[in-house]
C-alpha cells in the first residue's frame, strides 16, 4: 500500500487487566479479564490481533488472512442448503450459541454474516436479533478534515473499544487508498456507501451520476473487499414530494443525492431500476446489502412520517428481490425519533421487510442537545435494540457539528456498547448478565482493580478513581471519595450481613441447645432404613 | 454567614445567546433565546438571578426573598381547601398550564411543591407526572474531599444548566454551615438526608443514633429552610434478611445505617415507630417527605427483588400516614434496573403509594460502565420518566468512583436534561417540542448560532464546531466539517426542494396555459354574487 503521506500509527497491546485467548477449534478470540480472586471472565472481543501481545502488527502488509471458500455462493445460499460454514462455526463459538441457530437465522434472512470473499482479514461476526446487539462505528475523512493515517488509527481505536463493524464514509481525496488501508488492516467487516465515491467521480455533481459509473464503483469496492454496502435504492421519484414540507427535508447524504438525480432527470432512480443487476454483482462476492434509509427523519418533527414509511415499504420490495438472488440484506433505520414512536419503527420494518436485520442510526430521542448526541441517541438506541434492532450505528458527540476525532470515536463507541449491552440484558442474552454480576460482585467486595478491568473502559474508570484517591492502598480500601469511610453503604452493608449471620448462627445454636435439653440431653440417633 | 474558609465564587451572566425575562403577574423567570431571524423562544429557567445581567449577586447576603404565607398550613392542605396559592399561580405560569391543574394535582397528592416556609429564596416549582419532568442534582462534600466554596459553586453551576432541585448530601466537616450557604443562595428547592448529619453527631457510629438526636437534627434543618428530606423509614427489621443474599446488599447510605441500627438494637426503626411525630414536624414548615428507598437494588442482579418491593409496600403505608397529617410526599426509586424491569417499578409505586410523585435515581440500565454512569442511567431515566416518574435524580460520570467535580456536575445535569426532555416529548408535554422544532429549523437553515443557542449547552456546541471550522464565516456556511461542502445532505435537500417547487410551479404554469388555451384564451371572470 502506497500513497499514504504519513504512515499510520495505531494503538496496540491488551486492554488493562486482560489478555487475548483463543477458544475452540475455530480459535475464536476472547478478551480474558483476570480477576484478583484468581478467576477470570472471557468477553466478546472485536479488537483483532492489535490487542494480542504476541501478534506482530505490520500495517503495510495488513492483517493475516483466513481461508475463504469462494465457489459455493453466499452465506445465505449455503445456509439454505443446510451447510454450516466455517464462518458460522466461528460465530457460534463467539456468541455461545449452537451452530444450527446461526445457520437457521441466516437461512431465514433474519441474520446476516457480512463477509466479502475478498476481505479475509476480518473475523466472522453475525448481525441478527437472536444474537448479541452489534455496534457500528463510522469513520472516514471529508474534504475539510483528516488524513489516511488518522482514519486507520480511528478504525483500530474503534474496534479496540468494541465496534463490531466499521463504515468508511470517506469523501474528498484518496477514497480508494484510504479504504485499502482500512480493509487490509480491519479485524471487523467494513461497510461503505458507494455513491459517495461515485459522486467524487462527477466532481460533486449529482446530476452527472450514471448507472454505469455507479456500477463500476460498486465493482471496484467489491473487488477491494467491502463487506456491506449502503444502497439508497428506496428513494423514488414519487417519494420526493412527501419530503418538501418536512422541517429538515432529506438529511441522508445518499438520499439527497439520489433525490437530486431523480428530479434533475425526471427519471426513476437508477439504483431502483438496475437493482437486480446490483444483486448479481453483490452475490458474486457475498457482499451484504444495507438498504439505506435515504428519507429517514432528521428531526423529531419528521419522525414516522409518510416519506419515511413510503421508503420503508419500497425497501421491503427490494429485500424480496435481493434474497431471491441469494444476497444477504439488512435494513437501515432512523434517525431522530421520540421515544413513543420508536417501537413502531421495528414493528413495521419486521412486517414489511420480512424480518431482515434492522440497522439503526440511534435514533436520537430529542434534537436539543448537539454536542451530546451520543447520549440523546444512546437512549433511543437502547430502546430500539430492546425492541429488536440487530445493529446500532453509533453517533458521536460531534454529530451535527463536525468530523469526529479520536476521543469522539471512543465516546461514541462506549455510549453504544452501553446501549447494546443494556438491550442484551433486557432481551435475556445468555451471556450478558455474567459481566454485570462479576463487576457488581467486585464492587461490593471493594476489589477496585477488578471493577475497573471488567468495565467497558478500564482506563477512564481507573483515572476517575485516581483523581481523588491516587494512592495504591485506595485500590483495596473499603470506601471511596464519594462517601468517605464513615458513610460507605457497602461497608456498613457488610457489617449488617455479618451481624445478621452471627445472630442467625447464635439463634440457631440457642435453638439447638434448647432442643437438646428438651430431649433429655440425649444425642439423637437417626434411624437408618435399608 | 461565616465559617467559610474560602469565599465562594460562582458563575454569573446569561447563557450564550439569551437573556432573562420575567413573565406575568408572578414575574416568572424565563430564559429568552434570541434568534437571528428576529424571533425568540422562551425556555423554562432554573438558574435564578445568577443569569440576570441586571441582578446584583451578594453571596454573603443571600438571594432576595419572596413573601411567604406561613399560617395556613401546607400546600397540600391549602390545595385541598380549594386555594390557589401564590406558589401555584407562579408554577402555572412557569409550566404553561392552568392554575387549577396545579392545585388539583397537589390536592390529589399526585404532585408536590417543595417549599419550606423558611426557604423564601427559592422560586416555586412542582414535581408531578402531569408537569415537565424535573431533574435533581446531588452535591455536597465528603470527609475526603471538597469545600464549602466548591459546593456553593457547584449548586449555582448545576442550576445554570437546568437542575430543578439540589440535594446537599454533605457528610464530614461543616455540614450546617455548608447547608446555610447553599440554602441562602439557592434559587431552587434544596433536599437533604438528615440521617447523615445525625450520624456525624455520633461520630459515625450508627448504633448510637437515637430518635431524639435524629428529631433534633430534623428540626434544625427545617428551621434552616430545607425543602424536602429523604427519610428511610421503610427499612424495617423484617426486611433485612431479604438483603443478605443479594449481590450488592444494601447500597443506600441511609438504608445501611438504619439496617445497622435495627439489627444492633433488635428494634424496629425509630424512623418508622416515630413517623407520626416526624409528620407533625414537617407539616409545621411545609417540608416535603422524600420517602427513601433504603433497599434499592445496587446491581442488575438485585433489581425488583423481594427486599426492594417489601420496602416499597411499607412506603405506601407511610404515604397514607403522611398525607393524613397534611404533609406532601414523594417516593424515591431505584437504582440499577435492566430495561425490561423498569415499567414495573412505576406501576407498583403508583398502585401502592397512591400515585405520589416518583423520584428515581437513574436507574442504571447496566452495571458495566463505571465512568459512564451518566449514560447508563440516562437510558433508564428517560424510560422511567416516560412511564411516569416525576423527578430524576442525576448520576454523574464519577458515580461509584469518587466525588463529582464541577465538570461532572454539568455532565450529569445535561445528560439528565436530555432524559427529562425526551420523556416530555414522549408524554406530549405541550411546550416540549417547540424547542426541538426551533432548533431543527435552525439546523436545516444553517443558522449555526441559533442552533447553538437553542441547545442545552451552547458553549460546548459552539466549541465543537470551532474545533474544525473556527472562522466566523463558517457560522453561516451551508455545510460543516463532517461532510464538507459537496456532501452536505441539507444543502442538497434545499436544492431538491427548490427544484421540486420550481417544477411544480412550471408544471402549474403549463397546466394553466393549457387550460387557458382550452378555454379559448379567454380571461376567466368569476361571477360575483351579492
Hey, can you tell me all the residues within region B:392-410 that are outside any helix (DSSP H, G or I) and facing chain A (nearest Cβ under 9 Å)?
B:397, B:398, B:399, B:400, B:401, B:402, B:403, B:404, B:405
Of the numbered conditions (1) surrounded by fewer than 22 Cβ atoms within 10 Å (Cβ to Cβ); (2) out of contact with any helix residue (DSSP H, G or I) (no Cβ under 6 Å at 6 or more places or on another chain); (3) outside the structural domain of residue B:157 (by the TED database), residue B:465 satisfies every one except a single condition; which is it?
(1)
Residue within region A:249-272 that is without any contact (Cβ under 8 Å) to a residue 12 or more places away in the chain, part of a helix (DSSP H, G or I), in contact with a helix residue (DSSP H, G or I) (Cβ under 8 Å, 6 or more places away or on another chain) and assigned by the TED database to the domain that holds residue A:337 present:
no
Verdict on residue B:454 being in contact (Cβ under 8 Å) with a residue 40 or more places away in the chain and assigned by the TED database to the domain that holds residue B:127:
no
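Does residue B:306 fit the bill of being in contact (Cβ under 8 Å) with a residue 60 or more places away in the chain and more than 24 Å from residue B:327 (Cα to Cα)?
Answer is yes for this residue.
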At pLDDT 95 or above and within 30 Å of residue A:479 (Cα to Cα): is that true of residue B:159 in this structure?
yes
So residue B:225, is it at pLDDT 95 or above and under 23 Å from the mean Cα position of the chain (by Cα):
yes
The residue from A:191, A:172 that alone is on the phi > 0 side of the Ramachandran plot and either assigned to a loop (DSSP other than H, G, I, E, B) or buried (at least 21 other Cβ atoms within 10 Å of the Cβ) (or both) is A:172
Going residue by residue through region A:382-391, is there one that turns out to be away from chain B (no Cβ under 14 Å) and within 27 Å of residue A:155 (Cα to Cα)?
yes
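The rows are residues; the columns are (1) surrounded by fewer than 18 Cβ atoms within 10 Å (Cβ to Cβ); (2) within 30 Å of residue A:458 (Cα to Cα); (3) touching a residue at least 60 places away in the same chain (Cβ under 8 Å).
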| site | (1), (2), (3) |
| --- | --- |
| A:159 | no, yes, yes |
| A:162 | no, yes, yes |
| A:165 | no, yes, yes |
| A:187 | no, yes, yes |
| A:195 | no, no, yes |
| A:206 | no, no, no |
| A:211 | yes, no, yes |
Identify, please: which residue in region A:317-341 is within 14 Å of chain B (Cβ to nearest Cβ) and either touching a helix residue (DSSP H, G or I) at 6+ places or on another chain (Cβ under 6 Å) or assigned to a loop (DSSP other than H, G, I, E, B) (or both) and is, among those, surrounded by the most Cβ atoms within 10 Å (Cβ to Cβ)?
A:337
Restricting the search to region B:437-449, which residues are within 19 Å of residue A:251 (Cα to Cα) and either touching a residue at least 12 places away in the same chain (Cβ under 8 Å) or surrounded by fewer than 24 Cβ atoms within 10 Å (Cβ to Cβ) (or both)?
B:437, B:438, B:439, B:441, B:442, B:443, B:444, B:445, B:446, B:447, B:448
Just a yes or no: is a residue in region A:364-379 touching a residue at least 60 places away in the same chain (Cβ under 8 Å) and out of contact with any helix residue (DSSP H, G or I) (no Cβ under 7 Å at 6 or more places or on another chain)?
no
How many residues are surrounded by 24 or more Cβ atoms within 10 Å (Cβ to Cβ) and in a loop (DSSP other than H, G, I, E, B) if we restrict to region A:354-391?
14
In the set A:112, A:133, which member is modelled with pLDDT of 95 or more and within 14 Å of another protein chain (Cβ to nearest Cβ)?
A:133
When residue A:418 is run through (1) in the same structural domain as residue A:376 (by the TED database); (2) free of Cβ contacts under 8 Å to residues at least 40 places away in the same chain, the failure sits at (2)
Of the candidates A:426, A:461, the one satisfying the condition of being under 33 Å from the mean Cα position of the chain (by Cα) and closer than 27 Å to residue A:34 by Cβ is A:461
Conditions first: (1) farther than 30 Å from residue A:237 by Cβ; (2) surrounded by 22 or more Cβ atoms within 10 Å (Cβ to Cβ). Residue B:480 passes all but one, so which condition is the exception?
(1)
Could you check region B:50-148 for helices (runs of 4 or more DSSP H) lying wholly inside it with 1 or more residues that are crowded, with 17+ Cβ neighbours inside 10 Å and over 24 Å from the mean Cα position of the chain (by Cα)?
B:75-80
Failed condition for residue A:344, given (1) away from chain B (no Cβ under 14 Å); (2) surrounded by fewer than 24 Cβ atoms within 10 Å (Cβ to Cβ); (3) closer than 24 Å to residue A:426 by Cα, with all others met?
(1)
I'd like the residue in region B:26-45 that is more than 21 Å from the chain's Cα centre (by Cα) and modelled with pLDDT of 95 or more and, out of all such residues, is surrounded by the fewest Cβ atoms within 10 Å (Cβ to Cβ).
B:38
All but one of (1) crowded, with 24+ Cβ neighbours inside 10 Å; (2) farther than 22 Å from residue B:443 by Cα hold for residue A:308; state the number of the condition that does not hold.
(2)
Determine whether region A:179-198 contains at least one residue that is farther than 23 Å from residue A:361 by Cβ and within 14 Å of chain B (Cβ to nearest Cβ).
no
Condition test on residue A:375, is it within 14 Å of chain B (Cβ to nearest Cβ) and within 19 Å of the chain's Cα centre (by Cα)?
yes
For region B:411-493, list the helices (runs of 4 or more DSSP H) that sit wholly inside it and hold at least 2 residues that are touching a strand residue (DSSP E or B) at 6+ places or on another chain (Cβ under 9 Å), closer than 30 Å to residue A:340 by Cβ and within 8 Å of another protein chain (Cβ to nearest Cβ); which are they?
B:432-444
For residues in region B:1-25 being assigned to a loop (DSSP other than H, G, I, E, B) and within 22 Å of the chain's Cα centre (by Cα), which is surrounded by the most Cβ atoms within 10 Å (Cβ to Cβ)?
B:15
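The values are calculated or read from the model by the stated rules, or taken from the named source; none is laboratory data. Just so it is clear, the model here is predicted, and its values are computed rather than measured. Please note: Cβ atoms are built from the backbone with ideal geometry, for glycine as well, and neighbour counts cover all protein chains shown.
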